[in-house]
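One structure is given here, and the rest of the page talks about it.
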Amino acid sequence: MTTSAAADVSFVIPVYNKRPFLAGMVEGLARQRGDFRREFIFVDDGSTDGSRAVLDRLTAGWPELRIISQRNCGPSIATNRGIAASRYPLIKPVDADDVLLPDATALLREALLQHPGAVLSFGAGEAVASDEAVARLRQAAPTTAAPATVYDALPALLRNCAFGPSACLIRTEIARQVGGCDERVFTQDYSLFLRLAAAGRFVRVGASLVLSPLVVEGRVNDGGPQVLHDINLALFHFLSEHPVPPPVLRATVRRGVKRAWRWATRREDVGLFNAPLWLLLRAYLSFPSVSLDLLRQSCAAFAVSGPVRLL
């Protein structure tokens with residue numbers, strides 16, 4: 001592994017009501033291998049389940065530790081607060097219910113050191129039972145990775161996001177330059193990844209680096225209405241501020257509106273002729289241009305039977 005004092009790591013961990021998972025997550029942090037300095041920044045986002053007290057106990061005596069408490073504002077604002085507090089050149093986001101395998105940070109760091117023009121490195125993750133994650137962590141042998149791949153991530157991200165915060169490592173300076181997470185969007189990862197992809201290339205590390213629980217009650221990123229709403233909202237704001245070629249804009253808007261229509265027809269009792277259907281027709285019948293505002297309007301489809309969190 002390459003060593004460099006210019007590549008020390010700030011771990012940023014937003015926490016909201018994750019008490020059952022904190023022991024495994026903290027153990028994963030403690031077991032990170034690598035010859036680099038590190039700091040740990042937990043942002044307790046107004047937890048009501050005693051998460052702050054558990055963090056205090058589990059991390060007692062850790063050097064370079066900060067636990068920041070704030071009223072509940074959501075993952076985007078909590079993550080941005082951690083980014084602002086970071087002192088080292090690289091930021092390692094970690095979801096509070098994930099478990100990092102021991103070489104996760106070192107492999108991601110090595111990829112960025114080998115490719116200084118890249119702004120973010122990421123690897124794969126696996127969904128496992130929580131007890132299995134801790135067992136895998138404690139038994140993990142050194143991880144080897146396939147050769148890293150550098151590429152323009154934006155076209156793929158406009159279609160889908162295939163990794164989460166815990167699987168990536170970000171250059172602190174670039175995260176700040178792009179404004180961090182979009183605080184107009186409740187969930188944090190997609191808006192941040194879009195902004196970073198517009199700023200530079202990503203590096204894909206060919207290894208599994210993080211274990212995520214199969215089921216987490218109340219998890220925002222669960223494929224439900226909140227995350228789907230926030231995908232469309234993040235795309236709307238991003239494309240409003242980052243022009244893309246007209247064919248790319250048309251395809252992205254149509255996918256987003258179709259996402260809303262599918263949710264409404266499969267998960268909500270909206271009837272045969274519904275607002276998302278008319279948006280979908282407008283998206284496909286508009287030629288040669290399609291209105292970006294259709295993405296904004298489509299967000300309402302995810303809040304038919306219950307509210308989604310807005311900022």
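The values are calculated or read from the model by the stated rules, or taken from the named source; none is laboratory data. Just so it is clear, the structure is predicted and the values come from calculations on it, not from any experiment. A quick note on method: Cβ atoms are made from the backbone with ideal geometry, for glycine too, and the neighbour counts reach across all protein chains shown. Side chains included, ligands, DNA and RNA excluded: accessible areas come from the protein's heavy atoms. Shrake-Rupley method; radii C 1.70, N 1.55, O 1.52, S 1.80 Å.
Here are some notes:
- List Phe287, Phe236, Phe302, ordered by accessible area with a 1.4 Å probe, largest first: Phe287, Phe236, Phe302
- The 3J(HN,Hα) values that the Karplus relation (6.51, -1.76, 1.60; θ = phi - 60°) gives for region 133-140 are, in residue order, 4, 5, 5, 4, 4, 6, 9, 5 Hz. Gly and Pro appear as x.
- Rounded to 10°, Cα long-axis angle of helix 275-285 versus longest principal axis of the chain: 80 degrees
- Accessible area per residue for the chain is 44 Å², calculated with a 1.4 Å probe on protein heavy atoms, without ligands, DNA or RNA.
- Vicinal HN-Hα couplings computed from phi for region 297-311 (Karplus, 6.51 cos²θ - 1.76 cosθ + 1.60; Hz; Gly/Pro x): 5, 5, 4, 5, 5, 8, 10, 6, 9, x, x, 10, 7, 10, 10
- Helix-derived mean residue ellipticity, 222 nm - over the chain, DSSP H n ≥ 4, -39500 (n - 2.57), to 500: -12500 deg cm²/dmol
- Globularity index of region 172-311 is 1.14 (Cα radius of gyration / 2.2 N^0.38 Å, N = number of residues).
- The C-alpha atoms of the chain define a longest principal axis, and helix 225-241 lies at about 80 degrees to it.
- Solvent-accessible area of the chain (1.4 angstrom probe, protein heavy atoms only): carbon and sulfur portion equals 55 percent.
- Rounded, prolate or oblate (a/c below 1.5 giving rounded, otherwise prolate when a/b exceeds b/c) for the chain by Cα gyration tensor: prolate
- Shape category assigned to region 81-164 from the gyration tensor of Cα positions, a/c cut at 1.5: rounded
- Exposure of Asp189 as accessible area (Å², to 10), given a probe of 1.4 Å and all protein chains: 20 Å²
- The angle between the Cα long axis of helix 189-199 and the main principal axis of the chain comes to about 90°, on a 0 to 90 degree scale.
- Value of relative contact order over the chain, rounded to a whole percent, pairs C-alpha under 8 Å and six or more apart: 19 percent
- Note on Leu158: accessible area approximately 10 square angstrom, rounded to 10, probe 1.4 Å, nucleic acids and ligands left out.
- Remark on Ile68: its backbone amide H falls under 5 Å from those of Phe42, Val43, Asp44, a criterion applied only to residues 5 or more positions apart or on other chains, H modelled at 1.01 Å from N.
- Distant-in-sequence amide H partners of Asp182 (H built 1.01 Å from N, under 5 Å): Ser191, Leu192
- Neighbour net charge for Met25 - beta-carbon separation under 13 angstrom, K R +1, D E -1: 0
- Long-range HN-HN contacts of Gly34 with modeled amide H, under 5 Å: none
- Glu173 - accessible surface, heavy atoms, 1.4 Å probe, Å² rounded to 10: 120 Å²
- Zone residues, region 101-137, relative to Arg33, backbone N less than 20 Å from point 7 Å out along Cα-to-Cβ: 101-114, 122-126, 133-137
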